[in-house]
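A short write-up of the structure that comes next.
The values are calculated or read from the model by the stated rules, or taken from the named source; none is laboratory data. Because the structure is a prediction, the values reported are computed rather than measured. Cβ atoms come from the backbone with ideal geometry, glycine included; neighbour counts cover every protein chain shown. Accessible surface is based on the protein model in full, side chains and every heavy atom, while ligands, DNA and RNA are left aside. Shrake-Rupley method; radii C 1.70, N 1.55, O 1.52, S 1.80 Å.
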Amino acid sequence: MKKLVLTFSFLLLNVMILAQTIIGKWQGELEFSGQKLPLIINLGGTPENLNATMDSPKQGAKDIPIEKANFLGNQLNLVSEKLNITYLGIFKDNKITGKFMQSGLSFDLVLTPYTGQENAVLDRPQTPKPPFDYLTENISFKNPKDGNTLAGTISLPKDQKDFPIAILITGSGAQNRDEEIAGHKPFAVIADDFAKKGIATLRLDDRGIGESSVGSRNDTSANFAGDIDAAVDFLLKRGYKNIGLVGHSEGAMIAPMVAVKNPNVKFIVSLAGPGVAINQLMYQQNEDVLKQAGLPEDIVKKDLDQKKAMFDYIANYKGKNITVDFSNFLSQTFPNLGPQEKSAYSQLTQPWMVYFLQYKPTENWSKIKIPVLALNGSLDLQVSAKPNLEVIKMALTKAGNKNFKTEEIAGLNHLFQTAKTGSVDEYGEITETISPKMLDIVSSWILGLKN
């Protein structure tokens with residue numbers, strides 16, 4: 001009995017040591033074809049009740065929420081469903097060795113205790129600073145269908161009447177009303193620019209961010225479309241009539257979803273919006289990123305073949321238990337897949353991702369008859385300009401739409417910054433938040449519409 005007690009005490013001591021050493025700040029670098037992206041993982045609470053956030057200093061992003069975090073035995077598991085990020089690591093010898101995956105891309109990531117410096121000052125000259133030469137009002141309202149509360153800001157032109165008002169719709173992942181990324185605040189810049197030119201805007205905190213209430217873990221783009229539909233009705237009750245939607249990335253996918261059901265939407269601006277089926281878009285995105293990184297052709301082909309099989313399986317899935325069926329599919333199709341990678345790829349079966357991969361944008365674009373402006377940057381590696389603009393153009397033509405314009409803007413990336421390569425790594429390095437050329441194209445088009 002004494003030996004058993006001593007053994008138990010030893011195990012308990014090990015657990016206590018792990019608890020003391022896992023809690024804190026950890027640093028590591030994602031390396032991708034010679035490029036390095038530093039990351040900081042912040043672990044708090046206790047191993048039994050772990051909480052986590054992530055910082056990306058190079059991109060100017062801090063306290064990125066990680067919804068699921070647990071530490072069992074010596075294994076750390078982190079999941080951000082909204083950003084499609086998974087990290088599975090093994091704690092040993094005061095470091096964590098594991099796999100970081102996002103949207104199907106996999107990277108080795110070794111974390112060590114944090115030793116760096118924080119609070120780098122980012123140069124963002126376009127970020128609006130008060131006092132503003134226009135009116136602003138913070139508002140909130142409920143989505144009556146889902147029951148969640150949404151909070152945001154209305155920016156209004158000063159001393160003007162009968163102006164158009166645009167609801168700004170964020171891209172993928174939970175973002176605040178400014179669509180803040182890499183220290184940039186694109187929607188704040190758009191709202192500022194528009195208000196000075198005579199266009200009002202409403203920008204919103206996404207579910208669970210800022211002052212908006214938390215949604216469900218099963219939320220999909222359809223739920224987010226419901227939020228924007230509720231925003232249209234909110235503005236309508238306030239007396240606004242010329243209401244439009246300006247969506248970026250996934251937001252530009254949501255815009256036509258809302259417009260086909262709500263006749264009070266008068267115009268759409270698609271910024272880096274998808275036209276091709278999303279499983280094809282995801283494949284193209286992976287291909288563009290891998291090729292831009294300069295990886296060997298055989299490695300690129302192997303990775304793309306694997307991703308295509310996974311994306312297509314989910315896109316065409318008609319069964320009743322996708323979690324189990326997809327796990328069996330991975331085991332049968334890729335028997336050499338490691339447990340870490342298999343666990344990470346299982347995040348593709350989350351409700352948001354399943355809906356996303358099964359979505360076909362043309363089903364809604366082909367029903368849109370209101371004015372549409374669709375813009376993409378030529379250096380966009382996330383939503384490739386040519387194929388998506390072409391499909392949107394074909395769908396709008398099929399709809400009999402008589403008032404639409406599509407344009408590829410040279411030299412701009414997914415965020416519509418003036419870029420060199422279009423790489424995601426550039427987002428935080430570029431001081432420009434949005435190209436003034438893009439802002440002028442959009443504002444001129446909106447103001448040129450007949451009420």
| message | How much length would be gained if the chain were fully extended between K360 and T323, taking 0.36 nm per residue of separation minus their Cα-Cα distance, in nm to one decimal? | response | 11.1 nm
| task | Grab the other residues whose beta carbon is less than 13 angstrom from that of F141, score K and R as +1, D and E as -1, and report the net. | result | -3
| All Cα pairs of the stretch 308-451, percent lying beyond 22 Å | 58
| message | Compute the angle between helix 322-333 and the longest alpha-carbon principal axis of the chain, please, reported from 0 to 90 degrees and rounded to the nearest 10. | response | 70
| said: I want to check the label-to-label distance for E429 and T333. Put each point 7 Å from Cα in the C-beta direction and report it in nm to one decimal. | reply: 3.5
| Per residue, what accessible area does the chain have, given a 1.4 Å probe and all protein chains present, in Å²? | 47
| task | Let me see the pair-distance distribution of the stretch 176-294: every alpha carbon pair, 5 Å bin width, integer percents in order. | result | 2, 9, 16, 21, 21, 15, 8, 4, 2, 0, 0
| message | Going by amide H atoms built from the backbone, whose H comes under 5 Å of the H on L135, apart from near neighbours? | response | L156, K158
| remark: Scattering profile of the stretch 378-451 from the Debye formula, Cα beads only, expressed as log10 I(q)/I(0) at q = 0.14, 0.20 Å⁻¹, is -0.54, -0.92
| How much mean residue ellipticity at 222 nm does the chain get from its helices, if each DSSP H run of length 4 or more adds -39500 (n - 2.57) and you divide by all residues, to the nearest 500 deg cm²/dmol? | -10500 deg cm²/dmol
| request: May I ask which residue of P339, V424, N143 lies farthest towards the positive end of the charge dipole of the chain, with charges of +1 (Lys, Arg) and -1 (Asp, Glu) on Cβ and the Cα centre as origin? | output: N143
| note | Counting sequence-distant residues (5 or more places) and residues on other chains, those with an amide H built under 5 Å from that of I409 are N376, G377, S378
| Using the Kirkwood radius built from alpha carbon pairs, what does the Stokes-Einstein equation give as D for the stretch 251-375 at 20 °C and 1.002 mPa s, in µm² per second? | 130
| request: Using Cα centres only, tell me the gap between the stretch 250-268 and the stretch 40-72 in whole Å. | output: 35
| Distance from the Cα centre of the stretch 401-451 to that of the stretch 274-303, in angstrom? | 23
| task | In whole Hz, with x marking every Gly and Pro, tabulate ³J(HN,Hα) for the stretch 357-365 from phi via Karplus 6.51 cos²θ - 1.76 cosθ + 1.60, θ = phi - 60°. | result | 5, 8, 7, 10, x, 5, 4, 9, 4
| request: Could you work out how far helix 221-237 tilts from the main Cα principal axis of the chain, as a 0 to 90 degree angle to the nearest 10? | output: 40
| task | In Å and from the alpha-carbon atoms only, list the Rg and Dmax of the chain. | result | 23.2, 88
| query | Considering only protein heavy atoms and a 1.4 Å probe, what is the carbon-and-sulfur percentage of the accessible area of the chain? | reply | 54
| note | Taking Cα pairs closer than 8 Å and at least 6 residues apart, the relative contact order of the chain in percent is 13
| request: May I ask what percent, to the nearest 5, of DSSP beta bridges between residues of the chain are antiparallel? | output: 70
| field | Table column - 3J(HN,Hα) (Hz), the stretch 421-426, Karplus curve with 6.51, -1.76, 1.60, x for Gly and Pro | value | 10, x, 4, 4, 4, 6
| request: For the stretch 247-256, take each phi angle, set θ = phi - 60°, evaluate the Karplus expression 6.51 cos²θ - 1.76 cosθ + 1.60, and give the result in whole Hz per residue in order, putting x for glycine and proline. | output: x, 10, 6, 4, x, 6, 7, 6, 3, x
| task | With +1 on each Lys and Arg Cβ and -1 on each Asp and Glu Cβ, and nothing else charged, work out how big the dipole of the stretch 82-240 is about its Cα centre, in Debye to the nearest 20. | result | 140
| For the stretch 273-428, with only Lys/Arg (+1) and Asp/Glu (-1) charged at the beta-carbon, what is the dipole magnitude about the Cα centre, in debye rounded to 20? | 740
